[in-house]
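Chemist: There's a structure below that I have some questions on.
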Amino acid sequence: MAREQLEVLNALDVAKTQWYHFTAIVIAGMGFFTDAYDLFCISLVTKLIGRIYYQQLGAAEPGSLPSNVSAAVNGVAFCGTLTGQLFFGWLGDKLGRKRVYGMVLMVMVICSVASGLSFGRDAKAVVSTLCFFRFWLGFGIGGDYPLSATIMSEYANKKTRGAFIAAVFAMQGFGILAGGMVAIIVSAAFKHSFPAPSYEADAAASIFPQADYVWRIILMFGALPALLTYYWRAKMPETARYTALVAKNAKQAAADMSKVLQVEVEAEQEKIEQQGGNDFGLFSKDFLSRHGWHLLGTTSTWFLLDIAFYSQNLFQKDIFSAIGWIPKAKTMSALEEVFKIARAQTLIALCSTVPGYWFTVALIDRIGRFTIQIMGFFFMTVFMFALAIPYQHWTLRENRVGFVVMYSLTFFFSNFGPNATTFVVPAEIFPARLRSTCHGISAAAGKAGAIVGAFGFQYAEKGIGVRNSLIILGVVNFLGLLFTFLVPESKGRSLEELSGEAEQENAAPSESRQQESESGTRTAPV
């Protein structure tokens with residue numbers, strides 16, 4: 001038996017797209033812009049750090065980070081992100097979305113700046129400091145995932161909710177693009193001011209003391225966009241769904257949303273108190289029966305997606321080098337190498353990553369989350385195998401452009417696919433009281449996959465080769481396709497209907513499933 005929905009929540013569900021929607025997208029999206037910039041800019045400068053701090057006199061090749069150090073530098077932020085997603089996801093449900101939102105942003109600002117600083121001058125001190133602050137940078141970034149997704153889902157109307165949440169996540173594409181562009185500009189400026197020969201022409205002169213500023217500037221730039229949005233995050237009101245359904249304060253929820261929607265909304269405190277709620281906890285039998293399969297679906301698909309996605313992003317420079325798209329390191333100076341790696345990443349982001357995100361934004365509320373996710377995993381699997389099986393063919397000089405095109409298409413379909421939908425769906429299908437927590441758990445599973453990708457691919461590439469690594473990633477994508485069948489379609493339905501909060505307190509889980517069946521909505525067995 002369905003409950004009568006609160007007026008304030010109904011007003012949000014049926015609200016026309018307004019200025020406050022776009023304001024919320026920008027405020028939440030700038031956090032994701034910063035997240036992506038900070039997570040991916042490290043891959044642009046690791047080879048430069050290797051040249052500066054691990055150079056050996058008389059060596060035939062430029063200095064490079066040892067495998068264990070490279071894996072640590074690339075992966076430590078993901079360890080912090082995983083921890084932050086769990087912690088801030090839980091805290092967002094306990095203290096409220098808004099109170100935790102500003103806290104997360106300040107952690108990101110401080111640690112972005114600190115990542116570009118170091119204690120001492122030797123390699124061990126610099127790398128240790130870098131890893132320490134990138135862990136805590138990741139911790140702050142982790143909090144941004146559940147909070148941004150939850151805030152946007154709770155502000156949005158049900159007709160265009162998917163597009164709004166996906167638009168927040170799409171800012172990640174611009175963050176990756178900005179990382180490449182900043183690296184291009186900074187390296188080009190230093191190259192112009194301090195011309196240097198290639199390593200094979202003059203090893204000592206190919207790297208100069210001022211190059212140490214380059215990687216520091218690139219890393220520290222990530223603090224700027226986060227700092228610029230702090231004021232606007234502080235001014236955002238708490239979401240009405242948290243205030244009404246979790247804090248049980250109908251008067252405050254109505255007052256906040258009356259300002260946001262610019263309409264009069266009635267406070268219905270008695271209705272909130274009479275309704276009670278689905279007060280089961282995360283580890284209860286009720287949660288397991290209602291949402292257990294859903295949580296397994298969101299965690300498993302995000303885990304599998306991120307193994308492939310972050311492996312590709314972090315190590316695309318190595319793949320481009322392997323096929324000869326980036327020249328051998330010894331034929332370039334240190335900053336020329338940074339410039340060419342950044343240019344390659346920027347081209348991939350511009351031509352495939354960014355368009356993929358916005359295809360999702362445009363179509364997610366038309367064709368649905370499930371269709372996009374299945375399609376994305378399917379084409380990622382196809383293109384991975386198409387790259388891996390005839391790998392020797394793609395390494396030939398005349399076929400390298402074709403390799404890059406195919407490789408770009410895997411990025412396009414990850415973003416017009418599961419990379420966006422795995423972020424959207426967990427913000428929609430769980431109860432308000434546990435929404436941020438469950439999104440944090442799902443996102444943390446994703447970062448566990450990113451850690452597998454960052455550490456595992458580093459060793460797999462050297463141990464079994466790029467071809468076999470690509471085959472493994474193809475299998476991972478296929479498994480993601482299979483686990484997608486556990487995730488319900490959430491298009492066009494209110495958050496309370498999806499989570500079961502629209503049911504009477506005594507409604508059994510089986511009754512909820514019967515209602516879903518009668519409405520013709522596809523869902524996983526629970």
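The values are calculated or read from the model by the stated rules, or taken from the named source; none is laboratory data. Predicted model, so just to flag it, every value in this text is computed and none were measured. Counting neighbours? That spans all protein chains shown, and the Cβs are built from the backbone with ideal geometry, glycine included. Accessible surface is based on the protein model in full, side chains and every heavy atom, while ligands, DNA and RNA are left aside. Shrake-Rupley method; radii C 1.70, N 1.55, O 1.52, S 1.80 Å.
Chemist: Where does each of Trp232, Trp302 land when they are ordered by accessible area, with a 1.4 Å probe and the largest first? Mind dumping the intermediate values first?
Modeler: Values: Trp232 140, Trp302 5 Å².
Largest accessible area first, the list is Trp232, Trp302.
Chemist: Considering only protein heavy atoms, what is the solvent-accessible area of Met181 at a probe of 1.4 Å, reported in Å² to the nearest 10?
Modeler: Met181 has an accessible surface of roughly 90 Å² with all protein chains in place.
Chemist: Shape verdict for segment 66-118, please, from the Cα gyration tensor: rounded (a/c under 1.5), prolate (a/b greater than b/c) or oblate.
Modeler: Note, shape of segment 66-118 comes out oblate.
Chemist: Another question, if that's okay. Just order 221-228, 338-345 by mean Cβ neighbour count inside 10 Å, highest at the front, would you?
Modeler: Working: 221-228: 21.0, 338-345: 22.9.
Peptide ranking by packing, descending: 338-345, 221-228.
Chemist: Over the chain, with every protein chain in place, what whole percent of the accessible area is carbon and sulfur at 1.4 Å, could you tell me?
Modeler: Working: 13090 of 19950 Å².
Looking at the chain in its full context, I get 66 percent from C and S.
Chemist: Report Glu200's accessible area, 1.4 Å probe, all protein chains in place, as a number in Å² to the nearest 10.
Modeler: Taking all protein chains as shown, Glu200 has close to 120 Å².
Chemist: Another one. Over its Cα atoms, what ratio of radius of gyration to 2.2 N^0.38 Å does segment 8-139 give? Could you put the intermediate results ahead of the total?
Modeler: Values: Rg = 19.6 Å, N = 132, 2.2 N^0.38 = 14.1 Å.
Dividing the Cα Rg of segment 8-139 by 2.2 N^0.38 Å gives 1.39.
Chemist: Another question about this same structure. Want the number for Leu228 to Ser193: 0.36 nm per residue separation, take away the alpha-carbon distance, what's left?
Modeler: Values: separation 35, 0.36 × 35 = 12.60 nm, distance 3.00 nm.
Gain on stretching Leu228 to Ser193: 9.6 nm.
Chemist: Leaving out ligands and nucleic acids, note down the accessible area per residue over the chain with a 1.4 angstrom probe, in whole Å². Mind showing how you got there, number by number?
Modeler: Details: 19950 Å² over 526 residues.
With the other protein chains kept in place, the chain gives 38 Å² per residue.
Chemist: Work out the P(r) tail for segment 357-456: percent of alpha carbon pairs separated by more than 21 Å, whole number. Before the final figure, lay out each step's value.
Modeler: Numbers: 2381 of 4950 pairs.
Of all Cα-Cα pairs in segment 357-456, 48 percent lie more than 21 Å apart.
Chemist: Where the only charges are on Cβ atoms (+1 Lys, Arg; -1 Asp, Glu), what is the dipole of the chain about its Cα centre, to the nearest 20 debye?
Modeler: On the way: 43 positive and 39 negative charges, 249 e Å.
Approximately 1200 debye in magnitude.
Chemist: Rank these residues by their accessible area, most exposed first, probe 1.4 Å: Lys271, Lys16, Lys47. Before the final figure, lay out each step's value.
Modeler: Values: Lys271 35, Lys16 165, Lys47 65 Å².
I get Lys16, Lys47, Lys271, largest accessible area first.
Chemist: Continuing with the same structure: Can you give me the pair-distance distribution of segment 96-214, C-alpha pairs, 5 Å bins, whole percents?
Modeler: Whole-percent P(r) values from 0 Å outward: 2, 9, 12, 14, 16, 14, 10, 8, 6, 5, 3, 1, 0.
Chemist: Expected output is a single nm value to one decimal: the length gained when fully extending between Met406 and Gln392, i.e. 0.36 nm times separation in residues minus the C-alpha distance. What is it? Each step should come with its number before you reach the end.
Modeler: Details: separation 14, 0.36 × 14 = 5.04 nm, distance 1.44 nm.
Stretched out fully, the Met406 to Gln392 stretch lengthens by 3.6 nm.
Chemist: So for the chain, considering every pair of alpha-carbon atoms, how many percent are separated by more than 40 Å? Walk me through the numbers before you get to the answer.
Modeler: Numbers: 33034 of 138075 pairs.
The proportion of pairs with Cα distances above 40 Å equals 24 percent.
Chemist: Further question: Run the reach check for Lys235 against lysines, Cα to Cα strictly under 28 Å, same-chain hits fewer than 8 apart removed. What comes back?
Modeler: Excluding near neighbours in sequence, the set is Lys16, Lys94, Lys98, Lys158, Lys159, Lys248, Lys251, Lys259.
Chemist: Would you calculate the separation in nanometres between label points at Glu200 and Leu296, each defined as 7 Å from the Cα along the Cα-to-beta-carbon direction?
Modeler: Going from the Glu200 label point to the Leu296 one covers 5.6 nm.
Chemist: Rounded, prolate or oblate: which fits segment 1-66 when a ≥ b ≥ c are the square roots of the eigenvalues of the alpha-carbon gyration tensor, with rounded for a/c under 1.5 and prolate only if a/b beats b/c? If you can, show how the numbers build up before the last one.
Modeler: Details: a/c = 8.55, a/b = 4.08, b/c = 2.10.
Prolate is the answer for segment 1-66, as a/c is 1.5 or above and a/b outweighs b/c.
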